[in-house]
1. Once the dipole of the chain is set up with Lys and Arg at +1 and Asp and Glu at -1 on Cβ about the Cα centre, which of T35, M107, Y149 lies farthest towards its positive end?
2. In cubic angstrom, how much convex hull volume per residue do the alpha carbon atoms of region 57-99 span?
3. Would you rank L46, L37, L16 by solvent-accessible area, highest first, keeping every protein chain in place and using a 1.4 Å probe?
4. Add +1 for every Lys or Arg and -1 for every Asp or Glu among the other residues with Cβ under 12 Å from the Cβ of F120, and state the total.
5. Going through the DSSP H helices of the chain, which span 20 Å or more along their own axis at the Cα atoms while scoring at least 0.5 as a mean Kyte-Doolittle hydropathy?
6. Does the chain classify as rounded, prolate or oblate by the C-alpha gyration tensor (a ≥ b ≥ c root eigenvalues; a/c under 1.5 gives rounded; else a/b over b/c gives prolate, otherwise oblate)?
7. Expected output is a single nm value to one decimal: the length gained when fully extending between K26 and D121, i.e. 0.36 nm times separation in residues minus the C-alpha distance. What is it?
8. Rounded to a whole number, what is D in µm²/s for region 1-92 from Stokes-Einstein with the Kirkwood radius over alpha-carbon pairs (4 °C, 1.567 mPa s)?
Amino acid sequence: MKKGRIVVRIEISTLLDGNGKLSHRKMDRLAMVLTNLQNSGKDLLLVSSGAIVLGSDKLNIKIDMADVTTMMAAAAIGQAELITLYQKYFDQYNQKVAQVLLTTDIMDRPSRISNTQNTFDKLLEMGLIPIINENDTVSTSDIELDDNYPLALNVAMIAKADMILIKSDVNSNYIIQP
């Protein structure tokens, strides 16, 4: 019987509290729900944004959306924060995670697609949840779009996912795409 492979896309804004700070309750619930899904036999891949928000928060600076270079630097700092936080919350449920940073041009290089697919397969076989984000320090595609939906689509194609689950800020909806 097929396990089912699900790409979950979450924007950092859905994990923030009313003051724009990371909500520990929301992070905990996300880790709990995804761990429960993983424990039920599903293969999960999490596409998450948040590096720029967390990096600017750590630096205590307000990001000017026109200043791409500062956003890239904030992403470099925030990426370490993001994976550390995810690991902290997933650790509470004995769920291991792995970080995978990609760029949108991955789809232009068959060898990168194959390498990434092999990495996803091995991580999932080992029972880990890959946490994927765009490598904003070398690619500005997601920064320019202000959205990582294209990244989630690429991940779903590479991972041969059965569905994508998207947490939307609009009316707090969830969108499921088979």
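The values are calculated or read from the model by the stated rules, or taken from the named source; none is laboratory data. Predicted, not measured: the structure shown is a model, and the values here were computed from it. Cβ sites come from the backbone with ideal geometry, for glycine too, and all protein chains shown count toward neighbours. The protein model used for the area step is the full one, side chains on, heavy atoms only, and it has no ligands, DNA or RNA in it. Shrake-Rupley method; radii C 1.70, N 1.55, O 1.52, S 1.80 Å.
1. Positive-end residue among those listed: T35.
2. Hull volume over Cα atoms, normalised by residue count, gives 70 Å³.
3. L37, L16, L46
4. That sum, taken over residues with Cβ under 12 Å, equals 0.
5. 68-91
6. Cα axes put the chain in the oblate bin.
7. Full extension from K26 to D121 adds 31.4 nm.
8. Translational diffusion coefficient: 91 µm²/s.
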